[in-house]
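For reference, the structure is listed below as structure tokens.
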């Protein structure tokens, strides 16, 4: 090979090496010139399928804040009865306060600093600090709180803030995609995605008075309370409030609950205007009609809600509502669920007249009620015990599997019952018994069996002797709430 040919090959090889450095053939990446434009953002939709929620997050996350609530409490005294240690206890006036800190989330709902959050996030707090997504912090004051709905409104003195518009939660459908935004476990703002799993849920995890939760599988954990549940239009459709967890630490298992925005809006407007929430009340205990309950009460119509108790002097009693009435409509609107009825009445201003349609003994009856005002009942029943003047617990070991005791005036007083000698108290329930399987437990008071009043074990046996092949129908009072329970004898 000639020298000229070797030189030509060398030049070509050098050119290939230089080209490889520029194109990355040698595994190296050349730094882009400073004036080269940045790579475009990933597309939101590919072949008709959404690949990113980043645009929704960009619009909504700045309006979700972190809430730190502090409550100063005196340090507990040292326990124990040893007089040697008592002489070293710190006097009450010199004890240093302990600061309890709680962390939750909140949502800005106006440009001038109004914030929606949960009542339980700020309950009892003496100092509340709001931290924005840009790490700025502000002192907040409580405008008002509402324990029954677990909502609260805070205010920070700032203007021109990002905020979320409240959407129409009634139009939300099961299966809709939603995003949950909050500050779980104190790690900082986090966004998770899921769907609406169910609507109209009542969990009983809190006070339970007015629950109408949206259920979602979007991962929500401790610290998300008070945060935002948003739809893909960037609207606030719920305030994250509760989770069901399979562990003591409260880890997420895909079942979480949010207060719907329509309820939150009504509560928020009243708290901002009056500092409190006023709710209408009929004064009845109600429940849904199950198949067994319909059979036991000889009800052919399965829609509507059954009245299990009418409180003395209530709006319902004045209107003529009776136990066993089946409420099928309010102001002409069909009613199929007890929770819907409860929230519809509660959402009506006290003193308002409403039209109630009931089915009574197979006939439709129209009634008019003027609503009372709901008052939060903070009284709690003590754990019932036997009365020294009573005949003592007596066993019904047959169809129910219960140990019962007649209700005496003393027991009635401790249980907070309206009457002094109504019903029999459940002292024990066999774990394998029919009543226990239906949910009957110690402390329940059985008022009726198969629609017959019972005040003694003899009454119980008499009512059970005439039982047919239908499920046994019990009218049970539990912590002031009366409801029907059906029992299938084993």
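The values are calculated or read from the model by the stated rules, or taken from the named source; none is laboratory data. These numbers come from a predicted model, not from an experiment. Every residue, glycine as well, gets a Cβ built from its backbone with ideal geometry; the counts of neighbours run over all protein chains shown.
Here is a list: 183, 221. Which entry is free of Cβ contacts under 8 Å to residues at least 40 places away in the same chain, closer than 22 Å to residue 122 by Cβ and under 20 Å from the mean Cα position of the chain (by Cα)?
Numbers: 183 fails: free of Cβ contacts under 8 Å to residues at least 40 places away in the same chain.
Being free of Cβ contacts under 8 Å to residues at least 40 places away in the same chain, closer than 22 Å to residue 122 by Cβ and under 20 Å from the mean Cα position of the chain (by Cα) holds for just one of 183, 221, which is 221.
Total residues in region 331-351 satisfying the condition of being touching a helix residue (DSSP H, G or I) at 6+ places or on another chain (Cβ under 8 Å) and under 15 Å from residue 283 (Cβ atoms): the figure is 0. Among the residues of region 224-238, the ones that are under 13 Å from residue 190 (Cβ atoms) and surrounded by fewer than 24 Cβ atoms within 10 Å (Cβ to Cβ) come to 0 in all.
Considering only residues that are farther than 19 Å from residue 259 by Cβ and touching a residue at least 24 places away in the same chain (Cβ under 8 Å), which ones fall in region 139-168? Step through it out loud before you land on a result.
Restricting attention to region 139-168, the residues satisfying the condition of being farther than 19 Å from residue 259 by Cβ are 139-141, 155-162.
Within region 139-168, 140, 155, 156, 157, 158, 159, 160, 161, 162 qualify.
Given region 389-490, what helices (runs of 4 or more DSSP H) lie entirely inside it while holding 1 or more residues that are over 19 Å from residue 309 (Cβ atoms) and modelled with pLDDT under 75?
On the way: elements: 409-415, 434-437, 457-465.
By residue number, 409-415.
Screening residue 132 with (1) over 17 Å from residue 260 (Cβ atoms); (2) within 20 Å of the chain's Cα centre (by Cα) gives one miss only, at (2).
Name the residue that is nearest to residue 104 (Cα to Cα), counting only residues in region 164-178 that are surrounded by 21 or more Cβ atoms within 10 Å (Cβ to Cβ) and either touching a helix residue (DSSP H, G or I) at 6+ places or on another chain (Cβ under 6 Å) or not assigned by TED's automatic domain parsing to the domain that holds residue 214 (or both). Only one residue fits best here, namely 164.
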